[in-house]
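Inspection log for the structure reproduced underneath, given as C-alpha cells.
All of the numbers you see were taken from the coordinates with simple rules; none came from a lab. As the structure is a prediction and not an experimental result, all values here were calculated from the model. In this analysis, Cβ positions are derived from the backbone assuming ideal geometry, glycine residues included, and neighbour counts consider all displayed protein chains.
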Amino acid sequence: MEFETSLSPFELFERVERHCAHAFILESLGAESEFSRFTYIGAEPYHVLAGEGNALLVNGVARKVKSPYRALKGFLPHVEGLPSHYHGGLVGYVAYDGTKYFEPAFAGEKHPIFPAFEFGLYLDGFLYDKQEKTIRYFTLADDRRDHFHELLAYPFQRGAFSASSAVPDMDKGEYQKAFRAIKEHIRAGNVFQTVFSIGFQYSIVGSPIAVYRQLRDVNPSPHMYCIKFGERYALGASPELLFRTAGRDIEHFGTLAGTVARGATPKEDEHLAARLKADEKEVAEHMMLVDLARNDVGKVSVFGSARAEKLMAVKRYSHVQHLSTEIRGTLKIGFDSFDVLASCAPAGTLTGAPKIEAMKLIAALEKSPRGPYGGSVGYISVNGDAMFAIAIRSLFVAGANAFTRSGSGIVYDSVCEGEYTEIMAKHTAMEEAIRIAAHKHVSSRPASGRTPPRQLNRAATRTMLELAAEGL
C-alpha cells in the first residue's frame with residue numbers, strides 16, 4: 001500500500017520514533033549499498049522479547065523456558081509466498097554474550113544493562129524502494145496508516161545534544177600488557193588469533209538519533225541501523241554482513257579481515273590495496289577466518305555446498321579498506337534462519353580462532369563486557385528469510401550512558417603499535433559522528449508531549465499468528 005508523504009525514509013523514522021517507545025530503521029548506504037534495495041522502518045511492535053538467563057521476557061514478564069533463544073521461533077508467524085526480503089517479523093540483536101544460548105562452552109561476562117538478545121515482533125511497517133523511489137506501508141494486522149499520518153503531523157523540532165569526551169576502558173600501557181599476554185598464548189599454540197577490543201564510554205544529553213543522523217553522512221555503510229528499545233538504543237554503520245538467507249540459499253560475509261587506510265586519491269587507494277593483498281600477515285589472517293566461516297556455514301549446509309567465492313576482494317569504506325571473501329551454501333532440509341544465526345554467531349572476525357579459546361582470552365583480558373558489540377543485528381522475516389550484520393562501528397546507549405568498542409585481530413606476527421593504531425582508526429568514524437552531532441546541537445527530542453501510538457488489536461491478530469507461547 002502506497003504511503004503518501006514528502007518525507008525521506010530517515011525523516012519519517014525520526015518523526016515516528018519520537019512518539020514511540022520502540023522503533024527501528026534498517027538501511028543500506030554507501031558504495032556497497034547493493035546489499036539491499038529497501039529501507040525498512042517499524043514502530044511499536046506486537047511483542048518485545050528479550051533473553052535474560054534462563055528466562056524469556058515477553059513484554060517485560062519473565063517466562064522460564066528450556067532455551068530462551070529457541071523459544072523465539074514460537075512467536076514468529078510463517079507466511080508463504082512472499083518475495084525474498086523483509087515483510088514483518090523479528091527485528092533486533094543477539095549480543096556477544098547471547099552466544100551462551102547456542103554454545104555451552106561460551107566464556108564471557110553478561111552486560112549489566114543490555115539483555116543477551118532483544119527483538120521486537122513487528123507486524124506492520126514501512127518499506128522504501130530505492131529503485132522505484134516510493135514508500136509503501138505493509139501490515140499483517142491492523143491498518144495503522146491514519147495513525148502514522150497523525151504522528152507525522154505533529155510539530156517537529158530537533159533539540160540540543162551534547163556528549164562528553166570518550167573515556168577508554170584501558171590506557172595504552174594496559175593494552176600493551178594485554179597484547180603481550182595474547183602473544184604468549186599464540187606462541188604456546190593455544191590460539192591462532194584473538195580479536196581484542198577497547199571500550200569507549202560517553203555521557204550524553206539528548207537523543208542518540210542525533211548521532212545516527214551524522215553517522216549516515218560520516219560513515220555511510222552497507223548495514224546502517226538504529227533500533228530503539230525504550231531508553232536503550234543500538235545504532236551503527238556496520239560494513240560487515242554476518243549472513244543472509246533467501247529460501248535455502250545462505251550467504252556469509254563475516255570474513256572482513258585485513259585492514260588498511262583509505263588513500264587521499266583513487267590511485268593511492270589502489271596502491272594501498274595492492275600492498276594489503278601482498279601483506280603475508282594480513283592474507284594469512286584473512287584465510288584463517290575464511291576457513292572458520294566456511295566451517296560455520298558448513299554445519300547448517302547440505303554436504304559439499306559450502307564454498308568460498310570472490311576470494312580476497314577489496315571492499316572500500318569511508319575510512320578504511322578491507323579484504324573480503326563470500327561464503328555460500330545451501331541450507332539443510334529441516335534447518336532455518338535461527339539455526340544459521342546460531343551456527344555463525346559470533347563471527348570469527350570478532351573472536352579469533354579457535355573461537356572458544358579466543359573467547360576465553362577475551363573474557364579474561366578485556367576490561368568491560370561487550371554487550372551487543374561483536375554480536376549480530378538484523379531481522380528474521382515472516383517468510384523465513386533473514387539478514388544479520390555484525391554489530392561493529394556501533395554505539396549502544398542506555399539513558400545518559402553510551403559506549404562503543406573497536407578491536408583488531410592479533411596473530412603471531414602482529415606488532416603492538418600497528419594493532420593499537422588500527423583500533424583507533426576504526427573508532428574514528430563514530431567519534432567524528434558524536435563530535436559533529438554535539439557541535440551542531442541537534443537531536444530528536446519532542447517539541448511537545450509524547451502521544452502513544454494506537455496499539456495493535458492483539459485479540460484479532462492472535463489466530464493468524466498461531467503463537468506457541470503456551471508450548472514454550
Odd one out for Gly159, checked against (1) assigned to a helix (DSSP H, G or I); (2) out of contact with any helix residue (DSSP H, G or I) (no Cβ under 8 Å at 6 or more places or on another chain); (3) closer than 22 Å to Met430 by Cβ; (4) small (Gly, Ala, Ser): (1)
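Under the condition of being among the β-branched types (Val, Ile, Thr) and part of a strand (DSSP E or B), which residue from the range 371-393 is farthest from Gly74 (Cα to Cα)? Don't jump to the end; show me each part of the working.
Narrowing the range 371-393 to residues among the β-branched types (Val, Ile, Thr): 377, 380, 382, 390, 392.
Next, from what is left, pick out any that are part of a strand (DSSP E or B): 377, 380, 390.
Working: Val377: 20, Ile380: 13, Ile390: 25 Å.
Filtering first and then ranking leaves Ile390.
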Inside the range 269-308, the number of residues satisfying the requirement of being closer than 22 Å to Ile410 by Cβ, within 28 Å of the chain's Cα centre (by Cα) and among the acidic types (Asp, Glu) is 4
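Can you report the number of residues in the range 358-370 which are part of a loop (DSSP other than H, G, I, E, B) and in contact with a strand residue (DSSP E or B) (Cβ under 6 Å, 6 or more places away or on another chain)?
Within the range 358-370, residues that are part of a loop (DSSP other than H, G, I, E, B) and in contact with a strand residue (DSSP E or B) (Cβ under 6 Å, 6 or more places away or on another chain) number 1.
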Restricting the first residue to the range 198-214 and requiring it to be polar (S, T, N, Q), which pairs with a second residue that is in a helix (DSSP H, G or I) meet a Cβ separation below 8 Å and a spacing of at least six or different chains? Gln214/Glu432; Gln214/Ala433; Gln214/Ile434; Gln214/Ile436; Gln214/Ala437; Gln214/Lys440
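Which of the residues spanning the range 298-321 are charged (D, E, K, R) and over 30 Å from Glu268 (Cα atoms)?
Within the range 298-321, Lys299, Arg307 qualify.
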For the range 200-214, does any single residue satisfy the condition of being in a loop (DSSP other than H, G, I, E, B), aliphatic (A, V, I, L, M) and either farther than 21 Å from Lys426 by Cβ or out of contact with any Leu (no Cβ under 9 Å at 6 or more places or on another chain) (or both)? no
Quick one: which residue in Glu4, Glu27 is surrounded by fewer than 23 Cβ atoms within 10 Å (Cβ to Cβ), out of contact with any helix residue (DSSP H, G or I) (no Cβ under 6 Å at 6 or more places or on another chain) and either touching a residue at least 24 places away in the same chain (Cβ under 8 Å) or of a type in the set (D, E, K, R) (or both)? Glu4
Which condition does Phe13 not pass, out of (1) surrounded by 22 or more Cβ atoms within 10 Å (Cβ to Cβ); (2) over 30 Å from Lys315 (Cα atoms), if it passes all the others? (2)
Write out, first by first residue and then by second, each pair whose Cβ atoms fall under 8 Å of each other, whose residues are 6+ apart or on separate chains, and whose first residue, in the range 412-431, is hydrophobic (A, V, I, L, M, F, W, C) while the second is surrounded by fewer than 19 Cβ atoms within 10 Å (Cβ to Cβ) and assigned to a helix (DSSP H, G or I). Cys416/Gln176; Cys416/Arg180
Answer yes if at least one residue in the range 323-346 is buried (at least 24 other Cβ atoms within 10 Å of the Cβ), closer than 30 Å to Lys172 by Cβ and among the hydroxyl-bearing types (Ser, Thr, Tyr), and no otherwise. no
Residue satisfying all of: in the range 316-345; charged (D, E, K, R) and touching an Asp or Glu at 6+ places or on another chain (Cβ under 6 Å); farthest from Ala274 (Cα to Cα) among these: Arg328
Hey, any hits in the range 43-51 for a residue that's surrounded by 17 or more Cβ atoms within 10 Å (Cβ to Cβ), assigned to a loop (DSSP other than H, G, I, E, B) and acidic (Asp, Glu)? yes
Qualifying position, being under 21 Å from the mean Cα position of the chain (by Cα), part of a helix (DSSP H, G or I), surrounded by fewer than 24 Cβ atoms within 10 Å (Cβ to Cβ) and not hydrophobic (A, V, I, L, M, F, W, C), among Lys100, Lys110: Lys100
Count of the range 324-354 residues which are aliphatic (A, V, I, L, M) and under 11 Å from Ala293 (Cα atoms): 4
